[in-house]
1. Taking amide H atoms as placed 1.01 Å from N in the peptide plane, list the residues 5 or more away in sequence, or in a different chain, whose amide H sits under 5 Å from that of ARG35.
2. Which residues' amide hydrogens lie under 5 Å from the amide hydrogen of GLY28, considering only partners 5 or more residues apart or on another chain, with H built in the peptide plane?
3. In nm, to one decimal, how far is the modelled label at GLN70 from the one at ALA92, with both set 7 Å along Cα→Cβ?
4. Determine how large the accessible area of HIS61 is when every protein chain is in place; take a 1.4 Å probe and give Å² rounded to the nearest 10.
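The values are calculated or read from the model by the stated rules, or taken from the named source; none is laboratory data. All values derive from a computational prediction rather than experimental measurement. Don't worry about glycine lacking a Cβ; one is built from the backbone with ideal geometry, like all the others, and counts go over all protein chains shown. SASA here: full protein model, heavy atoms, side chains in, ligands and nucleic acids out. Shrake-Rupley method; radii C 1.70, N 1.55, O 1.52, S 1.80 Å.
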Amino acid sequence: MSTSSGDHAADATQDGDHAADAILRGVGGRENVTRLTHCFVRLRFRLRDPAAADLDALAAHPLVAFTVWQADELHIAPRRDLFRLFEDMRDALGDIAAP
């Protein structure tokens, strides 16, 4: 059975949506995020309650390469699709996410 490239694009978008939701749950939920930015390699979260982040769950996610705290930010490096993940999370978080 073959699938068209359009089907693959739809699958990738759906996987990205699930990944964004899983990462948001791992950082303690949407309500725990006070700011989201990114650099070229990492998503950068500022959290209301850093203790609410489940680093084990984040590390276990197949899309997450690593997590690290730097100053007051939780950095998450995805294995791929950083910009798409950021866009998905920005849609979910609204004004909290910086452009």
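1. ARG46
2. Here the answer is ASP54, since their amide H atoms fall under 5 Å of that of GLY28.
3. 2.2
4. Counting only protein heavy atoms, the figure is 40 Å².
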